[in-house]
Ligand code: TXA
Ligand code: MG
């Protein structure tokens with residue numbers, strides 16, 4: 001069946017007014033960010049935050065990220081610290097999420113944060129979401145706009161793939177140029193990366209001291225749910241396909257242009273590869289391939305995040 005894209009809208013003043021109206025009513029809509037498209041709802045509304053979990057089929061124990069236009073708006077909900085300010089100054093707005101202590105007086109719905117005494121906050125840089133966050137007087141709870149454990153969407157059309165006509169509004173903000181979810185960093189005690197992203201460990205190490213021990217912290221980490229970011233067909237890592245009916249995701253120079261070869265970055269640029277990862281897996285699935293084989297991807301910088309997502313997709 002062909003998708004119906006009639007709930008996708010371009011962004012303008014009229015749509016901004018409609019967006020604000022829907023969010024105030026506690027409705028859930030999809031908005032573009034620089035990382036992936038999000039499923040947005042008022043973080044102070046019980047109705048809205050409950051609905052996000054329901055739409056995604058998301059386990060109640062998996063907390064949502066709360067989005068703000070700037071730190072001033074977040075200060076009534078969380079307790080900042082020195083490391084936060086250093087990272088904020090360097091990377092925000094941008095693809096990084098900070099886990100901080102929640103203020104007792106915060107109005108964030110406890111459903112949104114899975115009843116934890118911590119909150120993950122983010123300041124996205126995409127101009128559409130920035131303009132919306134500036135206009136409203138509440139933050140947005142916003143997970144990626146995919147059904148739980150599926151691939152995150154990087155275009156408005158991908159969101160329709162995931163939710164069909166269930167959303168009253170999807171704003172088309174073009175392709176998300178980062179292409180994978182934000183780096184999540186726990187700043188409560190010794191800083192620790194909970195989910196790698198395009199802002200890499202090396203970038204962060206140049207700004208603050210960070211704990212790189214493999215031991216997991218007490219905080220529920222995003223990796224808890226093992227099968228995640230799945231394209232819905234088997235993903236086999238570090239192997240070549242034997243069959244032309246199987247897709248092969250490759251990286252860098254020296255690959256032929258076979259119809260079943262999909263190069264994440266011909267010029268061997270890991271940021272470009274991250275930007276193409278979900279888009280490519282979705283395309284492969286749509287073209288009807290039955291399996292995805294993946295060549296080795298270098299494991300440094302953004303490559304760590306790419307390998308993290310691939311590993312989960314292959315579970
Ligand atoms: O790039 C992104 O971060 C996108 C866009 C839409 O902003 N959002 C996103 O949200 O990826 P979601 O819900 O798909 O992933 C949020 C991750 C989850 O894995 C969750 O476990 C973690 O953040 N998280 C949220 N609150 C947390 C907390 N208090 N402590 C530890 N991890 C938390
Ligand atoms: Mg997600």
Restricting to segment 163-178, name every residue that is more than 10 Å from ligand 1 (Cβ to nearest atom) and either assigned to a loop (DSSP other than H, G, I, E, B) or at pLDDT below 95 (or both).
164, 165, 166, 167, 168, 169, 173, 174, 175, 177
Of everything in segment 247-288, what is touching a strand residue (DSSP E or B) at 6+ places or on another chain (Cβ under 6 Å) and within 19 Å of residue 311 (Cα to Cα)? Give them in sequence order.
247, 248, 249, 250, 262, 263, 280, 284
Return the total of residues in segment 257-315 being assigned to a loop (DSSP other than H, G, I, E, B) and more than 24 Å from residue 243 (Cβ to Cβ).
8
The residue that is modelled with the lowest pLDDT, considering only those in segment 197-225 that are in a loop (DSSP other than H, G, I, E, B), under 21 Å from residue 274 (Cβ atoms) and away from ligand 2 (no atom under 14 Å from the Cβ), is 212
So residue 98 passes all but one of these: (1) within 16 Å of ligand 2 (Cβ to nearest atom); (2) in contact with a helix residue (DSSP H, G or I) (Cβ under 6 Å, 6 or more places away or on another chain). Which condition number does it fail?
(1)
Hey, among 105, 33, which residue is out of contact with any helix residue (DSSP H, G or I) (no Cβ under 8 Å at 6 or more places or on another chain), under 28 Å from residue 192 (Cα atoms) and in contact (Cβ under 8 Å) with a residue 24 or more places away in the chain?
105
How many residues are assigned to a loop (DSSP other than H, G, I, E, B), within 24 Å of residue 184 (Cα to Cα) and away from ligand 2 (no atom under 13 Å from the Cβ) if we restrict to segment 125-162?
5
Run residue 115 past the list (1) within 16 Å of ligand 2 (Cβ to nearest atom); (2) under 11 Å from residue 63 (Cβ atoms) and report the number of the one that doesn't hold.
(1)
Within segment 110-128, take every residue that is within 16 Å of residue 39 (Cα to Cα) and more than 14 Å from the chain's Cα centre (by Cα) and give me the one that is surrounded by the fewest Cβ atoms within 10 Å (Cβ to Cβ).
111
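The values are calculated or read from the model by the stated rules, or taken from the named source; none is laboratory data. Everything quoted here is computed from the prediction, not taken from an experiment. Here Cβ is always computed from backbone atoms with ideal geometry, including for glycine, and neighbour counts include all displayed protein chains.
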